[in-house]
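No lab work stands behind these numbers, since they all come straight from the coordinates. Since the structure is predicted, the reported quantities are computational estimates derived from the model, not experimental observations. Methodologically, a virtual Cβ is constructed for each residue, glycine included, from the backbone with ideal geometry; neighbour enumeration extends over all protein chains shown.
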Amino acid sequence: MINEQIICAGFGGQGVMLMGQLLAYSANDNDLNTLWYPSYGPETRGGTANCSVTISEAKVNSPVISKADTIFIMNGPSLDKFESKVKSGGKILINSSLVERNIERDDIKAYFIPVNEMAVKLGNGKVANMIMIGAYLQITKIFDKETILKILKKSFGEAKAHLIDINDKAIEAGMNYIKEHYE
């Protein structure tokens, strides 16, 4: 039974909220129950911005996540703040482009992915978040890439339709990174 609790954390401008929204909308598209809960406030000015997503076959009663199954870490302050919030046996996906330290726990699985460098190689530094989504899809197999792209197309509309191709390449790059380094 699917019951996945996720926290996406980074600083403003890294697409952290979009990652959470894409996962929540993809869950809806797959007839799953979901709840997306953004955290705004002083964090939007350079600190840690985050959102939580719950994806479940059962009804979701609360947006509060005390311990997550998976956490996306896009910067160092986010690792400091959220490492303790991963369930024992859970997963932490870390942007090794911006996080310089290892994790302190040995009861969780860590994936270090240089998403910023990978995004720059693709020609658009803004797709680092989609590389992280691709890595997550490869690890969990919770959704397929086509579901995410379908939601992106709806979200972007005609004005940003030209960005679908680079986002597709970014998702694929994240999936391939996990295949090559962790499988």
Output the Kirkwood hydrodynamic radius of the range 1-155, Cα pairs only, in Å rounded to one decimal. 15.5 Å
Positive end of the charge dipole of the chain (Lys, Arg +1 and Asp, Glu -1 on Cβ, about the Cα centre): tell me which of 132, 152, 93 has its Cα farthest that way. 152
Please report, ordered by residue number, every helix of the chain (full DSSP H runs) that is 15 Å or longer along its axis going by C-alpha atoms and whose mean Kyte-Doolittle hydropathy reaches -1.0. 16-29, 128-140, 145-156, 164-182
Could you put 23, 18 in order, starting from the residue whose Cβ has the fewest other Cβ atoms within 10 Å? 18, 23
Protection proxy (average C-beta count within 10 Å per residue), highest first, orders 138-144, 123-129 as 123-129, 138-144
Say the cut-off is 25 Å between C-alpha atoms; which of 85/160; 91/141; 59/169; 145/179; 109/160 go over it? 85/160; 59/169; 109/160
Positive-end residue of 61, 120, 27, charge dipole of the chain with Cβ unit charges: 61
Computed magnitude of the charge dipole of the chain (debye, nearest 20; Cβ of K, R +1, Cβ of D, E -1): 280 debye
